[in-house]
Structures are given as structure tokens and as C-alpha cells.
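This report concerns only the one structure given below.
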Amino acid sequence: MTTVSFAEKLTTNEPHKALTTGGKRHVGRNSAGRITVRHKGGGHKRLQRDVDFSYKKHVPAVVETVEYDPNRSGFIGLLLYKDGERRYGLLQGSIGVGATILSGADVVPTPGNRMPLKAMPIGSFIYNVELKPGQGGKLGRSAGTHIELIARDQGYADLKMPSSEVRKVLDTCWATLGEVSNDEHHLVSIGKAGRSRWKGIRPTVRGTAMNPVDHPHGGGEGRQGRGLRRAKTLWGKPSGKGQKTRKPKKYSNHLIVSRRKVGKRGAKK
């Protein structure tokens, strides 16, 4: 079992009370109490942090603290704006306490600053990218993640995702320069089953270990292969490496320039 040392990175253990809320975690169940997402349940109690992904205040902000958020993999920071308001923001990797963050159409393009895609240099690494103008950041929010701005044309920006997919986004959408903090997150080894349960992750049972009534891969005497050309989910949908799972008529298909590479070989490229 391995962990990431937070001692030299975090500056406080207590969140800003005015920006936290409680609440019940629905652990994969809908309004009728039925399980709609498997493998969720239990886990340690968490406080929800009100994180601002839009940075709509165009006044300078100073980072007061660097904090751990149990609801995401990257670090968050308490930002004190010049007008006295405090908000939580998703921090860039090199940003620390005392750093100043700017948001605006004409700010200097340095890591941590936020601006429209049309104002950014080509080749920039960015994160917390909007899909629609004014919506707030949706893409590139996991620890150590960055998206590459590779081109701009006819009002759109071409973005290369961590998955290797290249897609178009309106160049009036906003993003933050740099990459998300806590880049060592991917090095963590969970180590034991109990640690997954602390995180609210319940066990996953292999389809081949089930009976035929429970899964398309089930049945057979002793250990068996799945007996099918392609892997399926419990509901018969394609799964596994090397298979396309995107819906053929998805609304954003016209924005995809290059599909992501799937399978073991594609993931390494």
C-alpha cells in the first residue's frame, strides 16, 4: 500500500466552514432506492466543498491555503479576492500560498491564470475547460491532468484530450493554463480491499465467476473463457479493451476530429 505525502504540500487540515455543506451520498441509487450504478456504497463521511469552476470574478485573487478535498483527486485552494470574497478553486500544480491568480480576456498567459481559448497561445497545456461558454469547467479536472490546445479555426479550438481524442470546442469557452495539482496521484497503490471500502467502492465480481442467469459470461464447468468473441456487460453492451462504446448518434459526434485510441496499444500512445 502506498500513499502520497501531503505534509509539504497542504497548509491546513480544516476547510473553510462557510464553503462546506453536509449531505447524504446516494451511493448509486435512484429516487426509488434501486441500484442504478453498481459497486458503490459505504465509505467515510465527507464534507462537500463549494468549488468555483467558472472563475467569473475578474478581480485578482490570492491563494490563502492549499487543501485536500476528499471528493476529487486534485488539490483545492482558498482564494481571497481583492473585494474580500473567498471561494475555493482547483489549483494548478506549481501554485502555492501567496500566489496571485488572474482571470480575464487580456491577462498574461501564465500557469494558473484563466482566459478564453482564443486568447491562449497554440500548444498551451490547459485544464478545467468549459464545453459551453459560461458553463464552468467540465474537462480536465483530475489530478495531474492537462489538455493540449493544438489549433484554432473558424471560431473553434482543437483540443487533444488525455484519452488521445481530438475534439472541437468554441474558442469563446474559458480554461485555465497549466495542469492540475497532485500529479503523483496516479502512483498510489490501494494495497488492500479495506482501503477501497473506505473510499465507498464496493467489490466487483467477474462475470466468469457468475452463473449463466446472472451474466452473459457465466456458467461452465471449472474455469472457462467467456466463450464469446467480444466481452459484454451484464446487460449485453460491449465492454473491455479495444471496443467502441460511444453511441453512434451522440450529439457531439460532429465535434470529434479524431477518435480516442482504444486497447492496450492505443492507451500507450
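The values are calculated or read from the model by the stated rules, or taken from the named source; none is laboratory data. Quick caveat: nothing in here was measured; it's all calculated off a predicted structure. Backbone-built Cβ (ideal geometry, glycine too); neighbour counts: all protein chains shown.
Overview of results
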read-out	value
Of residues in the stretch 140-160 being in contact with a Lys or Arg (Cβ under 9 Å, 6 or more places away or on another chain) and within 22 Å of SER94 (Cβ to Cβ), the one surrounded by the most Cβ atoms within 10 Å (Cβ to Cβ)	LEU159
Subset of the stretch 153-180 that is hydroxyl-bearing (Ser, Thr, Tyr) and at pLDDT 95 or above - its residue that is farthest from SER73 (Cα to Cα)	TYR156
Lone unmet requirement of (1) within 27 Å of the chain's Cα centre (by Cα); (2) at pLDDT below 95 for ALA193	(2)
HIS215, sole failed condition from (1) crowded, with 18+ Cβ neighbours inside 10 Å; (2) in the same structural domain as LEU91 (by TED's automatic domain parsing)	(2)
Qualifying position, being under 29 Å from ASN71 (Cα atoms) and loosely packed, with under 11 Cβ neighbours inside 10 Å, among LYS261, LYS247, LYS241, LYS199	LYS247
Test: residue in the stretch 236-252 that is in a strand (DSSP E or B), within 21 Å of the chain's Cα centre (by Cα), touching a residue at least 40 places away in the same chain (Cβ under 8 Å) and not assigned by TED's automatic domain parsing to the domain that holds ILE76	no
Residue under evaluation ILE35, criteria (1) closer than 29 Å to SER189 by Cβ; (2) touching a residue at least 24 places away in the same chain (Cβ under 8 Å), criterion not met	(2)
Looking only at the stretch 145-166, and only at residues there that are touching a Phe, Trp or Tyr at 6+ places or on another chain (Cβ under 7 Å) and not β-branched (Val, Ile, Thr), the one that is nearest to SER181 (Cα to Cα)	HIS146
Every residue from the stretch 68-80 that is without any contact (Cβ under 8 Å) to a residue 60 or more places away in the chain and crowded, with 21+ Cβ neighbours inside 10 Å	ILE76, GLY77, LEU79
Given (1) in contact (Cβ under 8 Å) with a residue 40 or more places away in the chain; (2) part of a strand (DSSP E or B), index of the condition ILE150 fails	(1)
GLY191 in a loop (DSSP other than H, G, I, E, B), under 30 Å from VAL66 (Cα atoms) and not assigned by TED's automatic domain parsing to the domain that holds HIS146	yes
Flag if THR110 is outside any loop (DSSP other than H, G, I, E, B), more than 20 Å from the chain's Cα centre (by Cα) and among the polar types (S, T, N, Q)	no
Any hit, the stretch 58-65, residues being closer than 22 Å to LYS17 by Cα, part of a loop (DSSP other than H, G, I, E, B) and either of a type in the set (Val, Ile, Thr) or under 17 Å from the mean Cα position of the chain (by Cα) (or both)	no
Search result, residues across the stretch 81-127 that are aromatic (Phe, Trp, Tyr) and exposed (fewer than 14 other Cβ atoms within 10 Å of the Cβ)	none
Candidate set: the stretch 12-52, residues that are part of a helix (DSSP H, G or I) and among the aliphatic types (A, V, I, L, M); chosen: the one nearest to the chain's Cα centre (by Cα)	LEU19
